[in-house]
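Below: one structure, written as structure tokens.
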Amino acid sequence: MAAKRILLGVTGGIAAYKSAELVRLLKKSGHEVRVVMTRGAEAFVTPLTFQALSGEPVRTSLLDPEAESGMGHIELAKWADQVVIAPASADFMARLAQGMADDLLTTLCCATEAPIAVAPAMNQAMWSNGRTQRNVDLLKADPQVSLWGPDQGAQACGDLGPGRMLEPAALHDLIAGKASGPLAGRRVVITAGPTREPIDPVRYISNHSSGKMGYALAAAARAAGAEVVLVSGPVSIDAPVGVEVRGVMTAQDMLEETERAVNEGCDLFVATAAVADYRPDTCAGDKIKKSNKSMSLSLVRNPDTLATIAARDDAPFTVGFAAETRDIEHYALDKLTRKKLNMIVANDVSAPGLGFNSDNNAVTVFWPEGHESIGPGSKTVLAQRLIALIADQLTEKAGPSGAC
Ligand code: PMT
């Protein structure tokens, strides 16, 4: 990875102290770093800290003749290969989204042609606020801007939820485009969420899958170094950082999009989606009127994405899920053999507070030589253990890199 010239913008937030570690990591891996701080950032960390770590003067003001005579702000904007704003406060994101240039950092963002990565850090309620989310949508639609995070979890103020800045090591790896971890160099395709099978233009057959399990697995696979494509039914969750999400609606769409993704190269396929097994054999062109006392729907079988991928001559290492309400082990092992899978993750979807549309789950993973139970626990933590286990089995079967 060639050394880059990184312009790091630090805005006001308690996470500003973590950016000192980011500068240290970037310098250690040979990058040139210049730091620009907003007035708010200076209330949390002193410019001297960043100057000592970057070995360069820190810029804080647009109207500083002395600093401008060293490297003018337009020159600085042109100098950067990559702009990273970490932490990015709600206020800064609002000003960036509006294209404002009312301080040095926003002016640099207007003047630079380099990609701008924004690592949000704020209280969870501020992140979820409708006005912040409108600004997030504007930034997502901006081709020059990437959003890196935020992460979920415990916050400095004691709240729990989305809004934590990504850890310096994760930001460093994103800047370096570097993949490290047990799935580094692997391409992973994951399905998630429900499918919707239309009955007429306004009605459909579906299920309670929220996509949380599949999205947590995609985030864990990405954190383990994989390049991840997530084929997702309709859900209301943000794409995990660094994961490519391809939206689908029906079971047929899910099969076609997954085959496309697998054809592009795939070492590991994980089917987490709750795909409708049946669909109405026709979809009415107009809304069906309630003219009869009763009505019946004729259903036909949907294609099975998991079985189709596992049956390919060039099948990737394939992991299925089994959603069961009784005889869990028996049905899971039957699916493992019948669908020719490498591993199967069984969950009891009748257990209260676990499985469908919940933040928590408990699973038992089976593979030909063993099994392991994980949880109950949060889907995020469960997904990390699952990915570690899957990576172990994949490496044992396929060797340290390359497709099976
Ligand atoms: O999305 P969440 O709210 O987080 O909930 C997570 C979950 C409960 C949906 C998840 O943990 C889970 O159990 N996913 C599998 C759901 C399911 O459809 O199970 P199944 O036993 O019916 O199917 C077995 C396997 O075949 C699954 O890997 C499924 O993705 C796959 N399949 C099934 C039918 C079909 N037509 N195509 C498929 O690929």
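Which residue pairs have Cβ atoms closer than 7 Å, lie 6 or more positions apart in sequence or on different chains, and pair a first residue in the stretch 20-40 that is over 24 Å from R95 (Cβ atoms) with a second residue that is of a type in the set (S, T, N, Q) and part of a helix (DSSP H, G or I)?
K27/S54
Yes or no: the stretch 49-69 includes at least one residue that is crowded, with 19+ Cβ neighbours inside 10 Å, touching a strand residue (DSSP E or B) at 6+ places or on another chain (Cβ under 9 Å) and within 24 Å of Q133 (Cα to Cα).
No, the conditions are met nowhere in the stretch 49-69.
Mind listing whichever residues of the stretch 386-404 are more than 17 Å from V189 (Cα to Cα) and either assigned to a loop (DSSP other than H, G, I, E, B) or aromatic (F, W, Y) (or both)?
G399, P400
Search the stretch 253-300 for residues being among the β-branched types (V, I, T) and part of a loop (DSSP other than H, G, I, E, B), and hand back the single one that is nearest to the ligand (Cβ to nearest atom).
So, considering only residues that are among the β-branched types (V, I, T) and part of a loop (DSSP other than H, G, I, E, B), the one nearest to the ligand (Cβ to nearest atom) is V275.
For the stretch 311-385, which fully contained strands (runs of 3 or more DSSP E) count at least 2 residues that are without any contact (Cβ under 8 Å) to a residue 24 or more places away in the chain and under 23 Å from S210 (Cα atoms)?
The qualifying strands (runs of 3 or more DSSP E) are 360-367, 370-378.
Can you tell me how many residues in the stretch 209-231 are among the small types (G, A, S), within 10 Å of the ligand (Cβ to nearest atom) and either over 19 Å from D359 (Cα atoms) or more than 9 Å from the chain's Cα centre (by Cα) (or both)?
Qualifying residue count for the region: 4.
Quick check on my filter: what residues within the stretch 341-353 are of a type outside the set (V, I, T) and either within 22 Å of the chain's Cα centre (by Cα) or at pLDDT below 95 (or both)?
Selection gives N347, D348, S350, A351, P352, G353.
Output yes when any residue across the stretch 179-192 is more than 20 Å from A398 (Cβ to Cβ), crowded, with 16+ Cβ neighbours inside 10 Å and more than 13 Å from the ligand (Cβ to nearest atom), and no when none is.
no
Taking the stretch 315-363, which residues are more than 12 Å from the ligand (Cβ to nearest atom) and surrounded by 18 or more Cβ atoms within 10 Å (Cβ to Cβ)?
Selection gives A315, P316, F317, N342.
The values are calculated or read from the model by the stated rules, or taken from the named source; none is laboratory data. All figures in this text were calculated on a predicted structure; none of them were measured in a lab. Note: ideal-geometry Cβ built from the backbone for every residue, glycine included; neighbour counts use all protein chains shown.
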